Amino acid sequence: AWSNQCIEYWFLLHFEYLQADIQRDQYIRKLDKYFKDLGLDGYQKHRSDIFSILKTHGNLNLAIRWAKKRMNECVGKTPSQSAPATRVHELVVKLLRYIHH
């Protein structure tokens, strides 16, 4: 499950759809703003509570839908040519089958 340019793209999809190829530090700034707007301390790369924050404040269903949409826009491209894009949603969908049972 890859995420190009970074895992923060997958995290950001929980809050907004993005198809512009921005730099890694811009993903972090965007997430930091969302987190602070939610009254949190801000985004940090290795937050131990990231799953909880995304689950509580983000929208997993939209993130999956938007990740699929972006992958459809990248058909025929290699992962390195697909920026931004992620396949993390494929792993998440598989894991959700076990979590909901």
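The values are calculated or read from the model by the stated rules, or taken from the named source; none is laboratory data. Keep in mind the model is a prediction, meaning the values are calculated, not measured. Quick reminder, even Gly has a Cβ in these numbers, built from the backbone with ideal geometry, and neighbours come from all protein chains shown. Heavy atoms of the whole protein, side chains included, go into the accessibility calculation; ligands, DNA and RNA do not. Shrake-Rupley method; radii C 1.70, N 1.55, O 1.52, S 1.80 Å.
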Near GLY58, within a Cβ-to-Cβ distance under 15 Å, what is the net charge of the other residues, with Lys and Arg +1 and Asp and Glu -1?
-> +1
Residue-span extension gain [TYR98 to SER48] - 0.36 nm each, minus C-alpha spacing = 15.8 nm
Please report, to two decimal places, log10 I(q)/I(0) for the range 14-78 at q = 0.19, 0.21, 0.23, 0.28 Å⁻¹ as given by the Debye formula with identical point scatterers on the Cα atoms and no solvent.
-> -0.83, -0.97, -1.09, -1.29
Looking only at aspartates and glutamates whose Cα falls under 15 Å of LYS36's and that sit 8 or more positions away or on another chain, we get ASP49
Calculated [θ] (222 nm, deg cm²/dmol) that DSSP helices of n ≥ 4 give over the chain, each run adding -39,500 (n - 2.57) = -16000 deg cm²/dmol
Under the Karplus relation with 6.51, -1.76 and 1.60 and θ = phi - 60°, whole-Hz ³J(HN,Hα) for the range 78-93, x at Gly and Pro, equal 6, x, 5, 8, 9, 10, x, 5, 8, 10, 4, 4, 5, 5, 4, 4
Cross-link reach list, lysines versus LYS69, counting only Cα pairs under 22 Å and skipping chain neighbours closer than eight places | LYS30, LYS55, LYS77, LYS94
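Placing unit charges on C-beta atoms (Lys and Arg positive, Asp and Glu negative, everything else neutral), compute the dipole magnitude of the chain about its Cα centre in debye, rounded to 20.
Using only the charged Cβ atoms, the result is roughly 280 debye.
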Determine the per residue accessible area of the range 1-80 with all protein chains present and a 1.4 angstrom probe, expressed in square angstrom.
-> 61
